[in-house]
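Note sheet for the following structure.
The values are calculated or read from the model by the stated rules, or taken from the named source; none is laboratory data. Computed from a predicted structure; not experimentally measured. So basically every Cβ, Gly included, is an ideal-geometry build from the backbone, and we count neighbours across all protein chains shown.
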Amino acid sequence: MTGRQQQQPAGSGRSLTPLEIYSRLEKSNCGRCLLPGCLAFAAALVAGTRKPSDCPALSESERDELAQALRPRSSSPSHLQADFLDRLEEKIRAMDLAAVAPRIGATYANGLLTINSLGKDFHIDHLGRMTSQCHIIPWVRVPLLSYVTNPTHRLPTGNWISFRELEGGIDWQGLFRSRCETPLRELADDNPELLSDLVELFSGRTVQLFAADINLVLHPLPHFPVLISYQAPEEDLASNLTMLFDECCGSNLHIKSAFTLCSGLVRMFAQITRQHT
Ligand code: SF4
């Protein structure tokens, strides 16, 4: 590891910072880890969205040392997420992606599985690495890989159910309301054009299903349609927003990944709104 700093002893218990990790990397910014450069890779290691073996410039022993140095934080949420990603990638490596593609509404060509999320294409290779023309946000990666590796799969039925009615949804309902429905309702209250804008930005469509100001259908995954139904506040009536799911969603994504996907979506909508204002 030419010119790299002294390694932190394994098991020291102190979390590595992105700069400390960066000092151990080649710093060539070659991009083979599918990130813009070594600093971005170091930050991704800390966030738990990449692992040392994703940098081909590191030798096997350097990868092991780095992995060990990161290990003391194994009970942190980001490291738990990294462990989960490891398991998902392991599953991907054992899969025949070409055979899986038509079943999950994806396509396969040149060794890449392509999945459309909200009108944007994401590509996954046989090692579980993901690329896209748009910036890959960590919250997209877990649900996408989880979707591909999910053991069951159903086609959309056209019947809408609540999050609570999805398999395992009862346990997550409180968190879903506080992290997804409530902040999205508040966003829509403050930005009356938001939901209509989402139709165009994310290849959504409006439907006439319920008595509401807008019923918007989005596809964060090909066979994972979400219906957002919003009624604006009126005189002394408070606003109302409900997120509903096609019946198939419970078969196509584990409830935890469904929550990660929805809460990530709402955070992204909030970010878009902040940028616009
Ligand atoms: S593959 Fe390794 S050396 Fe190349 S940019 Fe990524 S972290 Fe840096």
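Computed values, structure above
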quantity: Set Ile228, Ile214, Ile170: member being among the β-branched types (Val, Ile, Thr) and surrounded by fewer than 13 Cβ atoms within 10 Å (Cβ to Cβ); calculated: Ile170
quantity: One residue from Ala10, Ala67, Ala43 being at pLDDT 85 or above and more than 20 Å from Asp125 (Cβ to Cβ); calculated: Ala43
quantity: Helices (runs of 4 or more DSSP H) contained entirely in the range 178-275, each with at least 2 residues that are under 23 Å from Pro151 (Cβ atoms); calculated: 249-252
quantity: Failed criterion for Glu62 (all others in (1) surrounded by fewer than 20 Cβ atoms within 10 Å (Cβ to Cβ); (2) near the ligand (Cβ under 10 Å from one of its atoms) hold); calculated: (2)
quantity: Leading residue by the ranking (surrounded by the most Cβ atoms within 10 Å (Cβ to Cβ)) among those in the range 183-211 that are under 28 Å from Phe122 (Cα atoms) and out of contact with any strand residue (DSSP E or B) (no Cβ under 8 Å at 6 or more places or on another chain); calculated: Leu194
quantity: Any pair with Cβ under 6 angstrom, 6 or more apart, that starts in the range 23-37 at a residue that is more than 15 Å from Ser59 (Cα to Cα) and ends at one that is outside any loop (DSSP other than H, G, I, E, B) and near the ligand (Cβ under 6 Å from one of its atoms); calculated: Asn29/Cys38; Leu35/Phe41
quantity: Tally, over the range 161-170, of residues that are in a loop (DSSP other than H, G, I, E, B) and either in contact with an Asp or Glu (Cβ under 8 Å, 6 or more places away or on another chain) or on the phi < 0 side of the Ramachandran plot (or both); calculated: 2
quantity: Subset of the range 170-228 (residues that are over 20 Å from the mean Cα position of the chain (by Cα), over 14 Å from Leu118 (Cα atoms) and of a type in the set (Lys, Arg)); calculated: Arg185
quantity: Residues of the range 20-36 classified as more than 21 Å from the chain's Cα centre (by Cα) and near the ligand (Cβ under 6 Å from one of its atoms), total; calculated: 7
quantity: Residue list for the range 143-160, restricted to those being hydroxyl-bearing (Ser, Thr, Tyr) and either farther than 17 Å from Asp246 by Cα or part of a helix (DSSP H, G or I) (or both); calculated: Ser146, Tyr147, Thr149
